[in-house]
Amino acid sequence: MAYKHTYSLTAKIWIYPVMAFFVLLSVLPFLYMISLSLQSDAEMFSGQVVVIPEELQFTNYVTIWEKAPFARFILNSFFVAGTIAALHVLFDPLIGYVFAKMEFPGKRFMFVALLSTLMIPFFVRLIPLYIMTAKFGLLNTYTGLIMPFAMSAFGIFLMRQFILPIPDDLIAAARLDGASEPRIFFDIVLPQLGPAIATVALLTFVFQFNEFIWPLVVVSSENMRPITTGLTLFNQEFFTQWNLTAVGGMLLFLPCFLLYLIAQRHFVKSAMLSGMK
Amino acid sequence: MAGVTLNAVRKDYGTFLAIPELDLEIEDGEFCVFVGPSGCGKSTLLRTIAGLEDLTDGQILIGDQDVSDRHPGERGVAMVFQNYALYPHMNVRQNMGYALRLAREPKSTISQKVERAADILGLRDHLDRKPAELSGGQRQRVAIGRAIVRNPKVFLFDEPLSNLDAELRTRMRLELSELHQTLSTTMIYVTHDQVEAMTLADKIVVLRAGRIEQVGSPLELYDNPVNKFVAGFLGSPSMNFLPATMTANGLQFADLDGACVDFGTEPTPGKVVMVGIRPEHLEISEDGAPLPLRSVEQLGGVTYGYAILQSGEEFCVDLKGRRDIRAGDTIRLLIPPSRALVFDADTELRIR
């Protein structure tokens, strides 16, 4: 029979309230966002903290589409985040495979250099990245939104970790079977990276779907905005329409939540195998 | 089908010389076994023949074609790996048919060849299973099946049985032997297990540090090893070695109460030699030298007695069948001169 760890009564008495406190602390802002999204303008500007609205204003979920081109914003968000996630799924395993299974001069140096980019905060890279994007004439374009994020050091690292344990003999067997190097990658290596690919795709999509700074810097026209910067339309000179902003927040949350539900199994497996939990 | 010729094959990894320079001829249809201790270069040599390692120098011929610079898939060889190397996401049918699919063979031909191989190996009922759903023995059969369907000129086996348990290993060994008789294709087999080498091979190549120590049939190597290394490597339990000094009357042992035996070798008085004798060739006789046994192994059909000699050498005796002998008992041994082999203590070469 498998060993099952049990906590003593004293441990239970203090562990559960502490855990409940931290859960509440993280969930509370989200619950307040739901409440805010259902409040009327009057409740919002009343100066009081309204937890449960007197009358649930579901009309906010309709008004938002009328006040701003939200369909376009959503489409932009999906297109940009989806394309970036797809590029990650293509490039990250490919580069991870090269680092895991191929030998070439400078491999170690290049890998360390790649990993070191993880240590540099994005804001440090923001200005040179902006200048480069501008020089390439990619400001206010989808390419400008997508290109700088087409692959990531984290994704490459995760893929390399997943590919390393694949036996070299498996690759040798495919080579003997007459497979070319691209064939070996697509036929033999890639199908074994399901959990890692799901994780990279999910994390990338969610991260890019929520990305705010880069679109804010690169995009100038309204029809190029994703939801995140689109929400700033409710930020007016003298007041902010928090209820509509909260509705936008819900629209940002839902796709990511659904995606997580679908890919959760792979995500957990991947986290366990890569030791990143 | 084709033989394999290695001409001055050399392989190094930077400063490490894995195979200094090696020449070898493997006949068409022969079952050739590369045997040697870990790190002797046997797997490297096999992988070099397969094309998985680049040659540093030399030439590899399969049949009359120089394949030294050819891609592994174009050499006409198929390989069975120690860890099976089955594609885990493909079922047995797909695993076995992958090479044919890459060669763009028609689906019907692939199916026919896969099923034929499955019939030979008794895998017909497992064709739709994934490798994870198979036992170790079945996986190894699939790996062999994957090699068979390609109809290669040469089969290469890299310690294919070492991951199996003892019983299964014996069964698979027999199956491989039968497979060789059925297919009559050249097979090159790498192992560090001398029992596998002795039972499977038409020809054994004993390797040490990338060099060939001796090539020959199993019994040729067993009976006439050219040096102490080959003599000690083949045979289970392995050959006993006793230090002795040459005298005008024969060889005088440092152990066995200083017994002196005339082996008929040209005497060089004072020269120190090593006398090799296999456990099964020793004779128990009242006239023999006393040997106190340290431990006794009863294996049912055979009994082995072990002793440590004064010189520190471990000594094993086949006590011939069942014997009521226990650890601590002293037996009396004779070394039959016709069965003993004499080796130079310095060069380790056989003195005839």
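Observations on the model:
- Potential extension, A:Ala42-A:Ser221 segment - 0.36 nm per residue separation minus Cα distance: 61.3 nm
- Value at 222 nm in deg cm²/dmol, rounded to 500, when DSSP H runs of n ≥ 4 in chain A each add -39,500 (n - 2.57): -21000 deg cm²/dmol
- Within-15-Å neighbourhood charge of B:His192 [Cβ basis; K, R +1; D, E -1]: -1
- Between A:Thr141 and B:Ser311, the C-beta separation translates, for a Förster distance of 56 Å, into a calculated FRET efficiency of about 0.05.
- The overall shape of the protein assembly as shown is prolate: from the C-alpha gyration tensor, with semi-axes ordered a ≥ b ≥ c, the ratio a/c is 1.5 or greater and a/b exceeds b/c.
- Computed FRET value (nearest 0.05) for A:Glu55 with A:Leu31, which takes r as the C-beta separation and R₀ as 22 Å: 0.75
- Within chain B, percent of DSSP bridges classed antiparallel, to nearest 5: 75
- Over segment B:1-155, relative contact order from alpha-carbon pairs under 8 Å, at least 6 apart, %: 24
- With neighbours defined as other Cβ atoms within 10 Å of a residue's Cβ, the residues B:Cys316, B:Cys260 order from fewest to most as B:Cys260, B:Cys316.
- Residues A:Trp242, A:Trp14, arranged from fewest to most other Cβ atoms within 10 angstrom of their Cβ, appear as A:Trp14, A:Trp242.
- You can think of it this way: the chain between B:Thr268 and B:Asn163 has 32.9 nm of extra reach, that is 0.36 nm per residue less the Cα-Cα gap.
- Förster-model FRET efficiency, 25 Å R0, A:Ser116 and A:Leu90, C-beta, rounded to 0.05: 0.60
- For segment B:176-214 versus segment A:143-222, the gap between their alpha-carbon centres in whole angstrom: 44
- Alpha carbon Rg of segment B:45-84, scaled by the compact-globule rule 2.2 N^0.38 Å: 1.14
- With respect to chain A, whose longest principal axis is taken over its alpha-carbon atoms, helix A:70-101 is tilted by about 20°.
- With kT/(6 pi eta Rh) evaluated at 4 °C and eta = 1.567 mPa s, and Rh the Kirkwood radius from Cα pairs, segment B:1-60 diffuses with a coefficient of 108 µm²/s according to Stokes-Einstein.
- Cα-based helix-to-principal-axis angle, A:194-209 vs chain A, degrees rounded to 10: 40
- Lys-Lys pairs in chain B that are eight or more residues apart or on separate chains and whose Cα atoms lie under 18 Å of each other come to 5.
- Taking other C-beta atoms within 10 angstrom as a stand-in for reagent exposure, B:Tyr87, A:Tyr97 fall in the order B:Tyr87, A:Tyr97, fewest first.
- In degrees, nearest ten, helix B:107-121 long axis to first principal axis of chain B (Cα): 20
- Trypsin sites (Lys or Arg not before Pro) within segment A:64-118, DSSP loop, no more than 10 other Cβ atoms inside 10 Å: none
- Cα-based shape type of chain A, given that a ≥ b ≥ c are square roots of the gyration tensor eigenvalues and the cut on a/c is 1.5: oblate
- Percent of beta bridges antiparallel (DSSP, the protein assembly as shown, rounded to nearest 5): 75
- Every Cα-Cα pair in segment B:122-268 was counted, and those over 23 Å apart are 53% of them.
- Modelled label reach - B:Asp12, point 7 Å along Cα→Cβ, segment B:52-85 residues with backbone N closer than 11 Å: B:56-57
- Descending principal axes extents, chain B, alpha-carbon based, whole Å: 76, 47, 33
Each reported figure results from applying straightforward, stated rules to the coordinates on display, with no laboratory input. All of these numbers come straight from a predicted model, not from anything done at the bench. In this analysis, Cβ positions are derived from the backbone assuming ideal geometry, glycine residues included, and neighbour counts consider all displayed protein chains.
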